[in-house]
Amino acid sequence: MNMTKRKMSAPRKIIRYAVVGLGHIAQAAVLPAFGHARANSVLSALVSGDEVKLSKLSSRYGVEHTYTYDQYDECLRSGFVDAVYLTLPNHLHKQYAIAALREGIHVLCEKPLGLTATECKAMIRSSARRRAKLMVAYRLHFDDAHLNLMRLVQSGRLGDVRIIQSLFTQQVRKGDTRLDPKVGGGPLPDIGIYCINAARYFFQAEPSEAFAMQLSNNDARFRRVEEMDGVCLRFPGERLASFICSFGASNRVDVDIVGTKGNARLESAYKYSADMRQITQIGERITTRRYPVHDQFAPQLKYFTDCILKDKEPEPSGLEGLIDVAIIEALQRSARSGKPVTVRVPSKRNRPSPHQGMRIARPRVPSRVRVKSPTR
């Protein structure tokens with residue numbers, strides 16, 4: 001009945017969202033971003049397994065409708081929600097995305113889209129079947145620093161770009177769900193995916209071959225997932241992208257792009273809560289450009305809403321998410337075998353475009369609502 005009401009009503013100019021999962025990323029970035037996306041997006045509902053979070057956060061953001069996970073279907077059929085933003089643990093993405101898509105509710109899903117390529121394909125099919133939009137939350141597709149660096153690569157000023165190298169390392173605390181393989185944890189799907197995705201949009205291509213090593217020391221944190229992954233990807237034109245991602249090293253988040261005439265480094269490249277700095281050397285000339293910390297989540301909200309209202313296919317579509325997950329699966333096969341493996345992924349035409357860039361000031365982030373239970 002609610003679906004009928006949505007179809008018969010006048011075209012919407014505002015899309016009403018439910019944020020599903022109220023963990024760190026939701027509280028630190030997603031919920032505050034709605035204040036900068038209010039022109040076409042409104043926070044209408046919250047879904048969580050924790051009553052304290054639901055109570056405090058609904059009061060803080062003026063959200064009238066709250067639901068537990070057991071009430072998720074009720075939320076989808078309530079008539080108060082047009083789209084959901086999923087910030088759940090990775091192993092729940094498929095279940096909650098497909099439930100929404102089947103009700104004709106649009107889905108913006110945090111990465112990785114799913115645990116496997118098979119899961120991603122199921123979500124894409126559900127999206128197509130119900131003509132509901134599915135987008136993966138690749139926030140850097142809308143970020144000025146990355147889009148400007150992509151423009152530099154494409155300009156030819158660096159010459160023939162031969163090498164892309166990323167370093168993404170951090171210390172993950174004991175007990176963090178990202179150390180649990182049952183929920184899709186591990187450095188490769190959690191932070192390595194940024195390095196994979198960046199290599200693809202900087203090279204404007206898909207890799208053909210992959211090699212990976214997974215290493216762990218004697219740290220008790222890494223009994224169930226590896227401490228770090230070392231990766232090398234072969235791209236068309238005999239180009240290489242490599243990266244190391246680690247849950248057991250001090251913070252570094254940089255990407256280097258090396259061409260035949262010059263090179264560029266973007267520091268803090270994959271962070272959303274730190275200033276970025278680009279250092280470019282072409283010949284003997286070295287230039288520096290700074291990007292103050294800004295809101296990386298409101299732009300993707302505004303963009304996804306625009307796609308819904310104008311019936312456009314989102315650029316970071318379900319296919320974009322599928323390709324990254326398929327590459328991760330290839331890397332995992334390589335790590336198990338100790339040998340390079342062939343990468344077979346669908347071809348893709350659309351890449352991030354400079355016109356997607358939006359510069360929005362950093363939002364005010366209130367203190368986090370913490371609970372003792374692991375529920376989100």
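Data overview
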read-out: Residue-normalised accessible area of the range 230-376, given per residue in Å² at a 1.4 Å probe; value: 51 Å²
read-out: ASP275 long-range amide H proximity, modeled H, under 5 Å; value: VAL293
read-out: Nearest-10 value in Å² for the accessible area of ILE286, using the 1.4 Å probe; value: 110 Å²
read-out: Percent breakdown of C-alpha pair distances by 10 Å bin, ordered from the shortest bin, for the chain; value: 5, 24, 34, 26, 10, 2, 0
read-out: Rounded to the nearest 10 Å², the accessible area of LEU54 at probe 1.4 Å; value: 10 Å²
read-out: Charge context of ILE244, other residues only, Cβ under 10 angstrom, K/R +1, D/E -1; value: 0
read-out: Neighbour net charge for PRO314 - beta-carbon separation under 10 angstrom, K R +1, D E -1; value: -2
read-out: Accessible area per residue in Å² at 1.4 Å probe, computed on the range 71-180; value: 38 Å²
read-out: Most fluctuating residue given options LYS121, LYS13, LYS53, as computed from a GNM of the chain linking Cα atoms under 10 Å; value: LYS13
read-out: Mean residue ellipticity (222 nm) of the chain, computed from DSSP H runs ≥ 4 via -39,500 (n - 2.57), nearest 500; value: -8500 deg cm²/dmol
read-out: Listed residues ALA212, ALA249, ALA117, most fluctuating in the chain (Gaussian network, C-alpha, under 10 Å); value: ALA249
read-out: Protection-proxy order for peptides 357-369, 183-195, 325-337, 287-299, each taking the mean of Cβ atoms within 10 Å per residue, highest first; value: 183-195, 325-337, 287-299, 357-369
read-out: Protein-only accessible surface order, largest first, of HIS141, HIS24, HIS91, HIS65 at 1.4 Å; value: HIS24, HIS91, HIS65, HIS141
read-out: Long pairs among LYS56/LYS312; LYS94/LYS133; LYS111/LYS339; LYS121/LYS312, criterion Cα-Cα beyond 24 Å; value: LYS56/LYS312; LYS111/LYS339
read-out: Spherically averaged projected area in nm², based on the convex hull that wraps the Cα atoms of the range 25-114; value: 5.6 nm²
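The values are calculated or read from the model by the stated rules, or taken from the named source; none is laboratory data. This is a predicted model, so every value here is computed, not measured. So basically every Cβ, Gly included, is an ideal-geometry build from the backbone, and we count neighbours across all protein chains shown. Ligands, DNA and RNA are stripped out before the accessible areas are found, and what is left, the full protein with its side chains, is counted by its heavy atoms. Shrake-Rupley method; radii C 1.70, N 1.55, O 1.52, S 1.80 Å.
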